[in-house]
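In what follows, a structure is listed as C-alpha cells, so that the remarks can point back to it.
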Amino acid sequence: MKMEPPHRIRRMRCWSSDRRWPGIRRAREALASRGDDKRRRIVTMKPATALLRPLIPFACAVLIACGPTPPETAQQPHKTGSVAPAPADSAAPAERVASLAGEWRVAAIDGRPLDEAVGIAISGDGALVWWEPACAGVARRYRIEGRSVSFSPAAPDDGPKAACSIGLPLRLDDVLRAFDEADAIARTPSNGILISGRAHNVTLFSQ
C-alpha cells in the first residue's frame, strides 16, 4: 500500500468543504438569514399580541350578546295541592230491566261462561221464573224495583200442578243460589241481563 507523505495528509485535512463546494456555503448563509428574519418577525409580533390580549374577553362578551336568542319555554302552570277532577265517565248507565218474561239461557255463572254439555234454560213471566221442564217444580218468584231485584221460593200453588221425575243439571243449584242472594239487576252492553248479589251472579241471554 502506497503511503502519502505527511505534508500531503496535513493539507487534505485542512482542506475545507466550503472551498471545494461553494454552493453549500451559500445555502448555509441563506438558511442563517431566514432564521434571523423569523426571529425578527417573532420579536416584532410579540408587542401586538400583548396589546390584543386584554381585548379577548370583551370580544367574547360581544359575540355572546349578539348570538341567537334561545326560544322561550312555555310557562308551566303553578302546581297546587289540589287534585284535578277526574273526567266524567262516558259510559252510558245500565238500562233498567222491567221484567224477566220470556225464554232465557244461562250464559255465565259468577262471571265465568257456562261451558257444559247440557245448557240451562230458564222461562219466566211477569212474576215467576222456572227451569224447564216446569213439571220439575224448580221455580222462583221475583220482584223488580228500579235496579233492585229480589227472589223468593215459589209457593206450591204457583208452580205447575203436574210433577215429573227428571235429573237436574249440575250447575242449576248455582243458578238458584245466585237468584236467592241477588239484590241488583241490569242489562249488559251485549244485551244480556246480569242478576247479581254480594258473592254470586248469573248472566242470562234471551233465546
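Read-outs throughout are calculated quantities, based only on the coordinates presented, and are distinct from any laboratory measurement. Keep in mind it's a predicted model, so treat the numbers as computed, not measured. Methodologically, a virtual Cβ is constructed for each residue, glycine included, from the backbone with ideal geometry; neighbour enumeration extends over all protein chains shown.
Full extension from R143 to A186: what is 0.36 nm times the residue separation minus their Cα-Cα distance, to one decimal in nm? Write out the running numbers ahead of the final one.
On the way: separation 43, 0.36 × 43 = 15.48 nm, distance 1.35 nm.
That works out to 14.1 nm of additional length.
Between E95 and E116, what is the label-point separation in nm under the 7 Å Cα-to-beta-carbon projection?
Spacing of the two 7 Å Cα→Cβ label points: 2.8 nm.
Less than 19 Å from a label point 7 Å out along the Cα-to-Cβ axis of R105: which backbone N atoms in segment 119-150 qualify, by residue?
Answer for segment 119-150: 119-124, 130-134.
Going highest first, how would you order 128-137, 143-152, 97-106, 195-204 by mean Cβ packing within 10 Å?
Working: 128-137: 17.3, 143-152: 13.5, 97-106: 15.8, 195-204: 18.8.
In decreasing order of mean packing, 128-137, 143-152, 97-106, 195-204 become 195-204, 128-137, 97-106, 143-152.
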